[in-house]
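Have a look at the structure below, then the notes.
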Amino acid sequence: MMKTGENSFYVRYGKNIFDRFFAFLFLLLFWWLYLLCALLVCCDSGFPAVYTQARMGKGGKTFSIYKFRSMVKNADRIGPAYTTQGDTRITRIGRVLRKTSLDELPQIFNILKGDMSFVGFRPDVVREEDDYSQEKYLMKPGITGLAQVNGRSNLTEKEKLYWENLYTSKVSFLTDVKIIAKTLAVVLKKQGTN
């Protein structure tokens, strides 16, 4: 029986193989969707189509996360780091991308680079006051996770941390498959998007 948790065979070897294989397969099947999203962003609000931001990953290591740009250029300089309901910096196409979670598609490249996993904690924006010794940082961040399928952006920071730390202790192949399946249902229902 496969051991769960951070020291399991799946976490040390299988998860990385799973992530990279399916990330590559996803790109082969949906390359046209990337082109379409990039074209729509550029037609709506100009270049660049992809936005990068420093985020915290495994072990508190910083990496650049990729997203399709859903806000006006230099949005971080003209407003808060986090978006709010009705944020005027979000573009017309950006609203659609966020509602459908298509803005997250470029993170497949983060998976191929080894910065992220399909399932894990959502990577935090770099802030000096954050505690990067938390249990969740034993794992790679993910495109989705337990917090995303149990409330998403409707959760408090404390609730998110609970789900993220719980995942670290429960991680297994079966858990990841269940979370991915639940994520598809959440995205299709457009729950917890802003």
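The values are calculated or read from the model by the stated rules, or taken from the named source; none is laboratory data. Here the structure is a predicted model, which is why all the values come from computation and not from measurement. So basically every Cβ, Gly included, is an ideal-geometry build from the backbone, and we count neighbours across all protein chains shown.
Exactly one residue out of L39, L35, L29 is closer than 30 Å to V171 by Cα and modelled with pLDDT of 95 or more, and it is L29.
Yes or no, residue by residue, for (1) farther than 22 Å from L155 by Cα; (2) out of contact with any Lys or Arg (no Cβ under 7 Å at 6 or more places or on another chain):
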| position | (1), (2) |
| --- | --- |
| D87 | no, yes |
| K99 | no, no |
| L105 | yes, yes |
| K113 | yes, yes |
| V126 | no, no |
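Of the residues making up the stretch 46-93, those that are polar (S, T, N, Q), in a strand (DSSP E or B), free of Cβ contacts under 8 Å to residues at least 60 places away in the same chain and touching a helix residue (DSSP H, G or I) at 6+ places or on another chain (Cβ under 9 Å) number 1. Sub-6 Å Cβ pairs linking a first residue in the stretch 101-128 that is over 21 Å from N165 (Cα atoms) and touching a residue at least 40 places away in the same chain (Cβ under 8 Å) to a second residue that is outside any strand (DSSP E or B) and of a type in the set (V, I, T), at least 6 apart or interchain, are S101/V187, ordered by first then second residue.
The number of residues in the stretch 137-159 being at pLDDT below 90 and part of a helix (DSSP H, G or I) comes to 6. Looking across the stretch 25-40, the residues that are in contact with a helix residue (DSSP H, G or I) (Cβ under 8 Å, 6 or more places away or on another chain) and closer than 17 Å to M71 by Cα come down to C37, L40.
With respect to (1) over 16 Å from T91 (Cα atoms); (2) hydrophobic (A, V, I, L, M, F, W, C); (3) in contact with a strand residue (DSSP E or B) (Cβ under 7 Å, 6 or more places away or on another chain), the lone exception for F24 is condition (3). Note on the stretch 6-38: residues that are surrounded by fewer than 16 Cβ atoms within 10 Å (Cβ to Cβ), under 29 Å from L166 (Cβ atoms) and among the aliphatic types (A, V, I, L, M) total 2.
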